[in-house]
Amino acid sequence: MALIDDYDMELSTPECDLESSIYRATVRLHADISDVLPFVNATVEKAEYIAGVPVLVWSEGAHRYALRADEIAVSNISDRGEATRIVQELVSRINSIWERRDQIEPSYASYERPKVLDVLKLLPRTNCGQCGMPACMAFADAVIREKKLLADCAPLCGEECAGQLAALREMGL
Ligand code: SF4
């Protein structure tokens, strides 16, 4: 029998913006999926994992995913059709990972996001605005949140900044 074979899904708007047309899908599970989290963690990139809660959070494409013992949440959903498709795909993926768990080395590691000031120190710090952000500080924050790419900072891609760019890449950005 599949780990997840039944669930209820609901859509909600962010509490800070009840008029929003972007939704969050919350899936209530009828099973405890705590044990699969380290195996899912081993298959995704830059996931934040807290075993004691437990919770596993990561981003893929435009969405942010959170798995808890009896709940799945997916952010940045445009409508119920998209929510249904994404949740079905995720449930299928989790079930597949669970079935193959004897072939997967579980990961109990948690990705640690770089600090804004550590990223800022390695940027050109001219506040030129070429990246579309008002200042390098805002760009640093956006890169950490995966809203911008290092490549969006044209001055950083110049030869004179090669060392800084390499250091930022080493931080996993
Ligand atoms: S393009 Fe680079 S240097 Fe210019 S504001 Fe953006 S982060 Fe700063």
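The values are calculated or read from the model by the stated rules, or taken from the named source; none is laboratory data. For clarity, every value in this text was computed on a predicted model and none was experimentally measured. Heads up, the Cβs are rebuilt from the backbone with ideal geometry, glycines too, and the neighbour counts pull from every protein chain shown. For the accessible areas, the whole protein counts, side chains as well, though only heavy atoms, and no ligand, DNA or RNA atoms are used. Shrake-Rupley method; radii C 1.70, N 1.55, O 1.52, S 1.80 Å.
Of the conditions (1) in contact (Cβ under 8 Å) with a residue 24 or more places away in the chain; (2) outside any loop (DSSP other than H, G, I, E, B); (3) within 26 Å of residue 111 (Cβ to Cβ), residue 9 clears all except one; give me its number.
Condition (3) is where residue 9 drops out.
Between a residue in region 120-143 that is hydroxyl-bearing (Ser, Thr, Tyr) and any residue that is within 6 Å of the ligand (Cβ to nearest atom), which pairs come within a Cβ distance under 7 Å, given they are 6 or more apart or on different chains?
Within 7 Å, the pairs are 126/155.
Exactly one condition in (1) part of a loop (DSSP other than H, G, I, E, B); (2) within 16 Å of the ligand (Cβ to nearest atom); (3) surrounded by 12 or more Cβ atoms within 10 Å (Cβ to Cβ) is not met by residue 118; state its number.
Only one criterion is unmet by residue 118, namely (1).
Please determine, by comparing only the residues of region 129-150 that are closer than 22 Å to residue 64 by Cα and assigned to a helix (DSSP H, G or I), which one is farthest from the ligand (Cβ to nearest atom).
144
Here are some residues: 64, 113, 85, 169. Which one is open to solvent by 60 Å² or more (accessible area, probe 1.4 Å) and assigned to a loop (DSSP other than H, G, I, E, B)?
Working: 64 fails: assigned to a loop (DSSP other than H, G, I, E, B); 85 fails: assigned to a loop (DSSP other than H, G, I, E, B); 169 fails: assigned to a loop (DSSP other than H, G, I, E, B).
Among 64, 113, 85, 169, only 113 is open to solvent by 60 Å² or more (accessible area, probe 1.4 Å) and assigned to a loop (DSSP other than H, G, I, E, B).
Regarding residue 91, is this residue modelled with pLDDT under 95 and either out of contact with any strand residue (DSSP E or B) (no Cβ under 6 Å at 6 or more places or on another chain) or part of a loop (DSSP other than H, G, I, E, B) (or both)?
For residue 91, the condition - modelled with pLDDT under 95 and either out of contact with any strand residue (DSSP E or B) (no Cβ under 6 Å at 6 or more places or on another chain) or part of a loop (DSSP other than H, G, I, E, B) (or both) - is not met.
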